[in-house]
Structure formats: C-alpha cells, structure tokens
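The values are calculated or read from the model by the stated rules, or taken from the named source; none is laboratory data. Only a predicted model underlies this, so the values are computations on that prediction, with no experimental measurement involved. Neighbour counts run over all protein chains shown; Cβ positions are idealised from the backbone, glycine included.
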Amino acid sequence: MEIIIGSHVSFNSKEQLIASVKEALSYGANTFMFYTGAPQNTKRCEIDENLTKEAKKLLEENHINIENIIVHAPYIINLANPTNYDFSTEFLEEEIKRCESLGMKYLVLHPGSHVGLGEEQGIKNIIKALNKVINENTNVYVCLETMAGKGTEIGKNFDELKQIIDGVKCSEKIKICMDTCHLNDSGYNIKDIDLLLSLFDEKIGLNKLACIHINDSKNIIGSHKDRHENFGFGEIGFNTLIKYINHPKLKGIPKILETPYIKDDSNPKKTYPPYKFEIEMIKQNKFNENLIEDIKNYYK
Ligand code: FE
Ligand code: FE
Ligand code: ZN
C-alpha cells in the first residue's frame, strides 16, 4: 500500500508553488501542505499563472497527484468572533480564489475561537460566515480542523464540527482535517484507533475525512495545550502514530507532518527541518531513536 505522506513546506512570492514542490521533493515526500503566504499573517501575493504552470509540470514529472496537496488558511482568520468578521470572510473568499487558481482542492481552516461569546454563539458565527463564502460554484473543499481546545477554540470535539457542517447550506463542500496532536490534547484517546475512527464515522462520517495532520504531542491527553512534538518523540508515541499511517480505513488520505524543526546544539537560532528523516522513518515502519541526532548531523 502506497502511503501518501508529506509535510508543511514553504511557498514564497518569487517561485511560489515551484518552491513548495522542490522542498517537498527534497524530503522524499509524495504530497505536501503550504500556506499561500506566512501562516501568521494575511499578506498574500498575486498567483502567477506561469509559475503555477511550471509547478504543475514538476508535479507531473514527479508523479505527485495535485489532489493530495493541501493548503492551510492563516490561523488569524477567526470566523467565530465577529470583531474582524468582514476582514475574515473577505480574506477567506480571496484564499478560496487563490486555491482555485493554483488548482488546489483542499483548504484547511481552523474553525475559530469564540473569545468569550460561548460555544453556541461561536458556532453560529462560523456557520454564518461559511454560508456567506461557500456556494454551489465553490471549487474547493473547506476542511475544518479538529482543534486542541486551547483557550476558547471551537472544533475541539466531533459534535461541534458536526454542528457546523449541519448548519452550512453547501455542506458537501465541507470536509474535516484530523490533527493527531490536537485530538490527543482535546481529550480523545487516540491510542485506540479503531474506537476513534468508529466514533468519527458515527458522528461525522469517514467519507468527510480529507486529511490527517500526523503530529506527536508534547503533552498528555486532555491537556488542551497544542504543542507539537516530533514523530514518535512525544506522549502519543511511534506505535500509535504509525497505525494512523497504515490503517486500511485511512488508505489514500494524505498524512501531513507539522512537527517542530530541530534546534542546533550550539546555536538555537539555527533550526533544521525534520521531515526528510521523519518520512524516511515512516516509510521504514520502524522507530529510529537516533532521529534527532541524525538530523543534526545531516544539516550541520
Ligand atoms: Fe492547523
Ligand atoms: Fe494541524
Ligand atoms: Zn497545532
């Protein structure tokens, strides 16, 4: 069974998608996820048709299926609280257009934080915003991410996500992105994969699952912290995470690493991407306890 594995990669204004493809290939990945600019801001460049064409050629040459590539919306968009409502919905509309012109099918979105309004009102606001932005002609699936429940985050359980889906008129355009770190931190026992998947199937439906962020967690179950750890080096552990990679029910679903960069011993400002080595370990199906050292030795 071929696994579809990749990581978060960068997208820059100069080379745009070409840079993302090259970075993914350097990690031995067969998919990837990118933000159309910096994750933490909404400064975005115009999508260049020629660069996109060239990037698509590169994808084809390397047998990367464009339908497995994921875009992540910046996390400052907050549809749950109306303070920046017009800005957030307008930005999301633009982001969907950017995805469409890049030929991307899946846009991951954090549902938002209610910031004191309460879950019920927050969910109402999210539904209202999604109904404003998504219609029959939308050519992108908006994938709501399962959240850790940090602060007042919405989407910390399957019920909240289901309520959002049910409120959206074009709900066929809404899908889900699971994040293993967030599920753990929000209180799901992700070690029991079959139970978790059947729970998800019952509440939302496995057909709605579009993507998995395959991260370990620095914290124990139910901590509501959202701090990612390298694959196999956190509280979730290799044996559980690898089950999500290989589970037959998750076959064909892109798995994306958002694990932290490794700090150089002598200069903590210097960091190295762990993805080439994590992907290699995942393909080998065997835990490498020297992974962090191997990464440092390779890049230094
Ligand atoms: Fe995310
Ligand atoms: Fe994530
Ligand atoms: Zn996270």
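Every test in (1) under 21 Å from residue 212 (Cβ atoms); (2) assigned to a helix (DSSP H, G or I) is passed by residue 64 save one, and that test is (2). Kindly evaluate residue 150 against the criterion of being surrounded by 22 or more Cβ atoms within 10 Å (Cβ to Cβ), assigned to a loop (DSSP other than H, G, I, E, B) and modelled with pLDDT of 95 or more. Against the criterion (surrounded by 22 or more Cβ atoms within 10 Å (Cβ to Cβ), assigned to a loop (DSSP other than H, G, I, E, B) and modelled with pLDDT of 95 or more), residue 150 does not qualify.
Among the criteria (1) acidic (Asp, Glu); (2) buried (at least 20 other Cβ atoms within 10 Å of the Cβ); (3) closer than 17 Å to residue 100 by Cα, the one residue 136 does not fulfil is (2). With respect to residue 207, is the statement that it is away from ligand 2 (no atom under 16 Å from the Cβ) and assigned to a loop (DSSP other than H, G, I, E, B) true? Answer is no for this residue.
Scanning segment 151-163 turns up one or more residues that are among the aliphatic types (A, V, I, L, M), within 16 Å of ligand 2 (Cβ to nearest atom) and touching an Asp or Glu at 6+ places or on another chain (Cβ under 7 Å). Scanning segment 6-32 for residues that are in a strand (DSSP E or B) and surrounded by 21 or more Cβ atoms within 10 Å (Cβ to Cβ) yields 6, 7, 8, 9, 16, 31, 32. Of the residues screened, residue 35 is not one that is under 17 Å from residue 11 (Cα atoms), among the aromatic types (Phe, Trp, Tyr), within 16 Å of ligand 3 (Cβ to nearest atom) and surrounded by fewer than 17 Cβ atoms within 10 Å (Cβ to Cβ). For segment 210-232, filtering for residues that are within 18 Å of the chain's Cα centre (by Cα), away from ligand 3 (no atom under 12 Å from the Cβ) and surrounded by fewer than 20 Cβ atoms within 10 Å (Cβ to Cβ) leaves 0. Looking at segment 279-297 only, could you name the residues that are within 24 Å of the chain's Cα centre (by Cα) and in a helix (DSSP H, G or I)? Answer for segment 279-297, where residues must be within 24 Å of the chain's Cα centre (by Cα) and in a helix (DSSP H, G or I): 279, 280, 281, 282, 283, 284, 291, 292, 295.
Pairing each residue of segment 215-230 that is farther than 23 Å from residue 282 by Cα with any residue that is of a type in the set (Lys, Arg) and within 14 Å of ligand 1 (Cβ to nearest atom), provided the two are 6+ apart or on different chains, yields C-beta distances under 7 Å for 224/150; 225/150.
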